[in-house]
Amino acid sequence: MKHRLIIIFPMLALLVFFAVQGFMIISIWKQEKENTLMRYESLTREATSVLLRAKKFNGFEKAMDITDKFAGLVVEEKLPELSRKADTANLKEKVLSQTYAILQKNEVLSSFINEYIKKKGYSTDYKSFIWISYLSLLSEKGQFIIADTVPDKDKIKKTIIVVNTYKEEHNNFVIEYSFLVDLTEINSLVFRKAFFSILLITFSVLIVVLIFWLTLRNLMEERRLSGLKSDFINNMTHELKTPLSTITVAGRTLEKPQINTDPDKVLETAKMISKQSVNLNQLINTILEVSLLERTEFELDRHKVNADELTHQIVSSYLTSCDGCATIREEYKAPGTLVAVDIVYFTTMINNLLANAVKYCDKDPVIIVSTGVADNEFQVSITDNGIGIPHEHIDHIFDKFYRVPHGNIHKIKGLGLGLYYVKRIATAHGGDVSVSSRPDRGSTFKIRIPI
Ligand code: ADP
């Protein structure tokens, strides 16, 4: 529960952090969008007033003259002909579209604004257009309204700027029109402006995520190690208890007066005590060696030896010491190869692998010890017909204190240090150890040592 909280709280903090950063990006984006619209609004308005001040015209003079002539023609020729309603609508549409065409073709405001904005160093990624809200023709009979629309403010796109609205009365028509600019590419304009801030925020988010991930990984690793350590303590207690209780029982046996009369029994008990003392001693030595390994670097006492011969000697003495506990096939394919090894450590390495091959076997152990030379390395492989190692544990078996859970872990004795030790020794020699294994089929451990 405590561990879960340790993870949940930082996760929540991270989520809050993401939300804040997201909110910041959205705010920066909105603010920059508003700024861009305001910037273009003032730029375009500035341009129109510059044009008016400098040249004394608004850019639509020519368009208005032409429209006036056109309106005059319509008033003269078309209006008197009008009789049917359908014709009225048709005429209005034609006059309006023609007026639009005249205005667009003959106005000079848009090109002036374009130049002005370019000169000021801003992008001209926008579209300008004219919108006629009122148009009526003036005839002797009065006004003939062509268009009269009030814009629905809610429907106007948010990217549109109304640069100016003009109301004009000429000989033949009255008009109200606006010059508009649509910032169609506003998002890319905003992105260019806000890019650096967004990049910084994204970068800070990435850094926080990285730190979070590293911390979480360390935490998990620590949890795993503390789990391994408590497993180790349980195993060690169990391992130490067995010889100790045997020695205690043997001691009590020796205390019994009737045993003194039976020298065979005394000898047998003494042997048992001595055997268990050796076991105890070995256990304590293993633990001491490993804690020593932790503190100092390996000091190897290396000697050049005939690798095949040394391996054979180790295998033979192992077989003798374990009373022929396994069938071992030896295949030596590195005759005459000399390697510089620390004989004691090298022996420990091979012994640990042989002991595991016997220990983790549920039938009569058959072991193949083979040697060879490849890539300027002496290689010794130990293949067994044991229980194998499940795939998900393979990556961890060389870790300190790691033991593959076999249901009841106490069934097969061990401290989870043997392979750790093998790995440390192999790497101290400049080599390495690797494993391939298939559950229920067996495993092969391969040690490589540079020649
Ligand atoms: P220990 O044998 O004391 O548990 P080791 O470090 O020697 O520790 O081995 C670590 C784990 O690797 C063992 O618990 C065992 O599950 C697995 N293992 C080692 N050698 C073999 C093997 N030859 N066959 C199957 N499993 C093995």
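The values are calculated or read from the model by the stated rules, or taken from the named source; none is laboratory data. For clarity, every value in this text was computed on a predicted model and none was experimentally measured. Positions of Cβ are backbone-derived with ideal geometry, glycine not excepted, and every protein chain shown enters the neighbour counts. Accessible surface areas use protein heavy atoms only, side chains included; no ligands, DNA or RNA. Shrake-Rupley method; radii C 1.70, N 1.55, O 1.52, S 1.80 Å.
Scan region 174-188 for residues that are open to solvent by less than 40 Å² (accessible area, probe 1.4 Å) and farther than 17 Å from Lys157 by Cα and the total you get is 3.
Looking at Ile449, is it assigned to a strand (DSSP E or B), near the ligand (Cβ under 10 Å from one of its atoms), β-branched (Val, Ile, Thr) and over 29 Å from Thr242 (Cα atoms)? No, not satisfied.
Residues in region 243-258 that are touching a helix residue (DSSP H, G or I) at 6+ places or on another chain (Cβ under 8 Å), among the hydrophobic types (A, V, I, L, M, F, W, C) and either within 16 Å of Lys271 (Cβ to Cβ) or surrounded by fewer than 13 Cβ atoms within 10 Å (Cβ to Cβ) (or both): 3 in all.
Any idea which of Asp68, Asp87, Asp148, Asp154 is of a type outside the set (Phe, Trp, Tyr), open to solvent by less than 70 Å² (accessible area, probe 1.4 Å) and at pLDDT below 95? Selected residue: Asp87, the only one of Asp68, Asp87, Asp148, Asp154 that is of a type outside the set (Phe, Trp, Tyr), open to solvent by less than 70 Å² (accessible area, probe 1.4 Å) and at pLDDT below 95. For beta carbons closer than 7 Å, sequence separation of 6+ or different chains, a first residue in region 59-80 that is part of a helix (DSSP H, G or I) and a second that is of a type in the set (Asp, Glu), the qualifying pairs are Ala63/Glu107; Met64/Glu168.
When region 350-383 is filtered for residues that are within 14 Å of the ligand (Cβ to nearest atom), open to solvent by 20 Å² or more (accessible area, probe 1.4 Å) and not in a strand (DSSP E or B), the ones remaining, listed by number, are Asn351, Asn352, Ala355, Asn356, Val358, Lys359, Tyr360, Cys361, Asp362, Lys363. Among the residues making up region 419-435, a single one is open to solvent by 30 Å² or more (accessible area, probe 1.4 Å) and in a loop (DSSP other than H, G, I, E, B): Gly430. Cβ-Cβ distance below 8 Å, separation of 6 or more or different chains: which pairs start in region 269-281 with a residue that is more than 14 Å from Val249 (Cβ to Cβ) and end on one that is open to solvent by 60 Å² or more (accessible area, probe 1.4 Å)? Matching pairs, first to second residue: Leu280/Leu244. From the list Arg329, Arg302, the one residue that fits, being more than 15 Å from the ligand (Cβ to nearest atom) and closer than 18 Å to Thr427 by Cα, is Arg302.
Taking the criterion of being exposed (fewer than 15 other Cβ atoms within 10 Å of the Cβ) and at pLDDT 95 or above, the only residue of region 436-449 that qualifies is Ser436. Scanning region 333-349 for residues that are crowded, with 16+ Cβ neighbours inside 10 Å, away from the ligand (no atom under 16 Å from the Cβ) and not in a strand (DSSP E or B) yields a total of 3.
With the condition kept exactly as written, say whether any residue in region 5-14 is on the phi > 0 side of the Ramachandran plot and not acidic (Asp, Glu). No, region 5-14 contains no residue that is on the phi > 0 side of the Ramachandran plot and not acidic (Asp, Glu).
In the condition set (1) surrounded by fewer than 20 Cβ atoms within 10 Å (Cβ to Cβ); (2) within 12 Å of the ligand (Cβ to nearest atom); (3) part of a helix (DSSP H, G or I), Lys413 is compliant with all but (3).
Comparison of Asn285, Asn306, Asn235, Asn279 shows that the only residue that is touching a helix residue (DSSP H, G or I) at 6+ places or on another chain (Cβ under 6 Å) and open to solvent by less than 90 Å² (accessible area, probe 1.4 Å) is Asn279. Evaluation of Asn171 against the conditions (1) surrounded by 13 or more Cβ atoms within 10 Å (Cβ to Cβ); (2) touching a residue at least 12 places away in the same chain (Cβ under 8 Å) shows that the sole unmet condition is (1). Just one of (1) within 11 Å of the ligand (Cβ to nearest atom); (2) in a helix (DSSP H, G or I); (3) out of contact with any helix residue (DSSP H, G or I) (no Cβ under 8 Å at 6 or more places or on another chain) fails for Glu392. It is (1).
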